[in-house]
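What follows is a short report on a single structure.
The values are calculated or read from the model by the stated rules, or taken from the named source; none is laboratory data. Please read all numbers here as calculations on a predicted model, not as lab measurements. We place every Cβ from the backbone using ideal geometry, glycine too, and count neighbours over all the protein chains shown.
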Amino acid sequence: MPKRDYLVFSDLTKPQVDGLFQLATRMKAGEYRERPLAGKTLAMIFAKSSTRTRVSFEVGTYQLGGHALFLSSRDIQIGRGEPIPDTARVLSRYVDGIMIRTFDHAEVEELATHASVPVINGLTDLHHPCQILADVLTIQQHLGGYAGKRVAWIGDGNNMANSWLDAAALLGFELRLACPEGYEPDHDIYQRARKLTTTLITEEPEEAAEGADVVTTDVWASMGQEGEAEERKLAFKGYVVDAELMRRAKPSAIFLHCLPAHRGEEVTAEVIEGPQSRVFDEAENRLHVQKALLATLMG
């Protein structure tokens with residue numbers, strides 16, 4: 001049986017996504033007692049540090065009976081120039097799966113090409129598919145499903161926006177993105193999505209949020225963009241999710257954020273701490289949906 005990787009959201013089919021959600025829901029409810037990773041090890045490569053990605057994958061692997069091995073760039077020879085194919089082939093002799101969180105998406109693709117064990121994308125500058133799995137699961141749990149929903153993305157057309165486009169294209173919900181000029185999502189990913197679902201890019205946050213079921217955003221300067229922080233603050237002025245913008249959405253709308261959040265920049269404290277916020281359920285769902293993913297790919 002060929003090994004399966006999870007590098008972008010569309011590596012799954014819609015039935016597979018629904019199956020993952022069913023399994024994750026059982027896991028969250030404590031109805032799953034199996035240990036499919038018993039005796040197995042997940043190598044976790046981190047070129048970018050993280051709270052949620054590291055803890056959720058490490059805890060999830062342990063809860064499924066396995067062992068997770070944390071490897072920063074300083075811990076392995078990739079950080080000293082070893083070719084990625086060599087690292088992939090060596091790790092494949094030792095471990096049963098690899099999760100990598102890094103900058104260049106091409107590195108993840110190269111790792112997956114040369115690894116003989118499943119590779120999971122924990123984040124790149126182009127995609128963040130595990131986070132979007134958790135986000136859509138949160139929508140399903142709080143709004144009864146993703147079908148027919150309108151999602152509003154406010155802010156940078158970054159890896160999160162790209163993965164939202166992938167998810168909308170695969171699952172068929174509507175996506176509206178409000179991004180300043182010059183900060184739009186990846187052109188090819190957007191063009192593919194617009195052929196498969198209803199989507200819109202606008203420079204007006206109010207247009208995106210109008211009638212939305214979900215309003216979501218991310219920090220204005222992601223890891224590695226710290227040098228652009230002041231420039232981005234100017235570009236994203238007016239792209240704040242505040243109470244006024246939330247009133248454009250449906251009264252039943254929920255607010256999501258992948259975290260960490262900068263209160264007073266991309267979102268106000270009133271919204272992220274308010275009754276429509278589901279950010280901590282969303283963060284918890286990283287654990288459950290990734291456990292389902294690990295059990296499926298490695299179990």
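Exactly one condition in (1) under 26 Å from LEU137 (Cα atoms); (2) surrounded by fewer than 21 Cβ atoms within 10 Å (Cβ to Cβ) is not met by ARG74; state its number.
Of the numbered conditions (1) under 26 Å from LEU137 (Cα atoms); (2) surrounded by fewer than 21 Cβ atoms within 10 Å (Cβ to Cβ), the odd one out for ARG74 is (1).
Sort through LYS233, LYS149 and tell me the only one that's in contact with an Asp or Glu (Cβ under 6 Å, 6 or more places away or on another chain), of a type outside the set (A, V, I, L, M) and not assigned by TED's automatic domain parsing to the domain that holds ASP18.
None of the other options fit; the residue is LYS149.
Could you tell me whether any residue of region 166-185 is in the same structural domain as ALA269 (by TED's automatic domain parsing), in contact (Cβ under 8 Å) with a residue 60 or more places away in the chain, out of contact with any Ser or Thr (no Cβ under 7 Å at 6 or more places or on another chain) and at positive phi?
Taking every residue of region 166-185 in turn, none turns out to be in the same structural domain as ALA269 (by TED's automatic domain parsing), in contact (Cβ under 8 Å) with a residue 60 or more places away in the chain, out of contact with any Ser or Thr (no Cβ under 7 Å at 6 or more places or on another chain) and at positive phi.
Scan (1) closer than 16 Å to VAL117 by Cα; (2) touching a Lys or Arg at 6+ places or on another chain (Cβ under 9 Å) for the single condition LYS40 breaks and write down its number.
Here LYS40 clears every test but (2).
Quick one: ALA68 ticks every box in (1) among the aliphatic types (A, V, I, L, M); (2) over 22 Å from the mean Cα position of the chain (by Cα); (3) modelled with pLDDT of 95 or more bar one, so which box is it?
Condition (2) is where ALA68 drops out.
Would a scan of region 225-232 turn up a residue that is hydrophobic (A, V, I, L, M, F, W, C) and either touching a His at 6+ places or on another chain (Cβ under 7 Å) or in contact (Cβ under 8 Å) with a residue 24 or more places away in the chain (or both)?
Within region 225-232, not a single residue is hydrophobic (A, V, I, L, M, F, W, C) and either touching a His at 6+ places or on another chain (Cβ under 7 Å) or in contact (Cβ under 8 Å) with a residue 24 or more places away in the chain (or both).
Name the single residue that is farthest from ASP104 (Cα to Cα) among those in region 119-160 being assigned to a loop (DSSP other than H, G, I, E, B) and under 14 Å from the mean Cα position of the chain (by Cα).
GLY157
From SER163, SER116, which residue is among the hydroxyl-bearing types (Ser, Thr, Tyr), touching a His at 6+ places or on another chain (Cβ under 8 Å) and not in a strand (DSSP E or B)?
Step by step, each of SER163, SER116 is checked, and only SER163 is among the hydroxyl-bearing types (Ser, Thr, Tyr), touching a His at 6+ places or on another chain (Cβ under 8 Å) and not in a strand (DSSP E or B).
How about region 239-279: which of its residues are out of contact with any strand residue (DSSP E or B) (no Cβ under 8 Å at 6 or more places or on another chain), without any contact (Cβ under 8 Å) to a residue 24 or more places away in the chain and either not assigned by TED's automatic domain parsing to the domain that holds ALA221 or not in a helix (DSSP H, G or I) (or both)?
The answer is ARG247, PRO251, ARG263, GLY264, GLU273, PRO275.
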